[in-house]
Amino acid sequence: MEAQHRGTVTVVNTLGSGILESPGLLRFLPELARRLLGEEPLLPTAAVYWGGIASERSHLLANLPSLLIRSTVGRKTLAGPTLSSRQLADLAARIEAMPWQWAGQELPTFSSAPTDHAGMLTSAGVGMRLFTVAQRGGYAPMIGGLGYVLAPGAAAYMLKSVAAKDVWVRPRSGRLPRR
C-alpha cells in the first residue's frame with residue numbers, strides 16, 4: 001500500500017474498487033454505460049432485482065425461493081432453494097427492514113460435462129473463467145483461462161469448485177499469431 005501511495009507501482013485492482021462488484025450496482029450498469037460513456041453495453045447484464053426499488057423488491061420477495069440473494073454490503077450470498085421456510089421468512093423480514101441492502105438474481109444455469117467421481121462416470125456442472133488484457137488500443141482476449149468443475153448441489157450456486165485447471169487455446173501452427 002505504501003508503494004502504491006507513493007506511485008512507484010501501479011495496481012490494477014486498487015483498494016476500494018470492490019465497490020464496483022456490489023450486486024446493488026449491477027442493476028445500474030447499463031444506464032451508467034449510457035450516461036457516462038455514451039454507449040450501449042456490448043453484452044447484456046443478468047437481471048438483477050434490487051430491494052431499493054419498490055417494484056423490484058416485490059419481485060424479490062415473491063420469488064425468494066428461486067433466486068440467488070446477495071447482500072449489497074459485504075459478501076453474503078444465499079441460494080433461495082437451499083433455505084428452509086423459516087430461513088426464507090427471516091430473510092424476507094430482513095429485506096423489508098433494509099431493502100437497499102439486498103439484491104436478487106436468477107439462479108445460474110451451468111454447462112455440464114462427464115466427470116469421474118469415485119470411479120463412476122457422472123455429469124457435473126462446469127465453468128470457465130476467461131480474461132482480457134489491456135493494451136494501448138483497447139483490450140485483447142488472453143489465449144487461455146481457468147476451467148473448473150463445480151461442487152455438487154447448492155454449493156455450485158456459490159461457484160464453489162472441486163477441481164480447476166488452466167485451459168489454453170493453441171494455434172494449429174504451434175506459434176502464437178503476430179500482433
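Highest average first, the peptides 24-33, 130-139 ordered by how many other beta carbon atoms sit within 10 Å of their residues are 24-33, 130-139.
Please give the calculated 222 nm ellipticity per residue for the chain, where each DSSP H segment of at least 4 residues contributes -39500 (n - 2.57) and the sum is spread over every residue; nearest 500 deg cm²/dmol? Helices in the chain give a 222 nm mean residue ellipticity of -5000 deg cm²/dmol.
On average, how much area does the Cα convex hull of region 61-154 cover when viewed from any direction, in nm²?
Quarter of the Cα hull surface area: 9.6 nm².
Computed over all pairs of different Cα atoms, the Kirkwood value for the hydrodynamic radius of the chain is 19.7 Å.
Which whole-number percentage describes the relative contact order of the chain, with Cα contacts under 8 Å and a sequence gap of 6 or more?
14
Of the residues Tyr157, Ala47, Val73, the one whose Cα sits farthest towards the positive end of the charge dipole of region 6-164 is Val73 (charges of +1 on Lys and Arg Cβ, -1 on Asp and Glu Cβ, taken about the Cα centre).
Give, as a single signed number, the net charge of other residues whose beta carbon lies under 14 Å from the beta carbon of Glu21, with Lys and Arg counted +1 and Asp and Glu -1.
+4
As a rough guide to protection, the peptides 103-110, 122-129, 37-44 ranked by mean Cβ packing within 10 Å, highest first, stand as 103-110, 122-129, 37-44. When the alpha carbon gyration tensor of region 111-168 is reduced to an equivalent ellipsoid, its three semi-axes come out at 29, 12, 8 angstrom, largest first.
No value in this document is a laboratory result; all are computed from the given coordinates. A quick note: this is a predicted structure, and the numbers were derived from the prediction, not measured. Don't worry about glycine lacking a Cβ; one is built from the backbone with ideal geometry, like all the others, and counts go over all protein chains shown.
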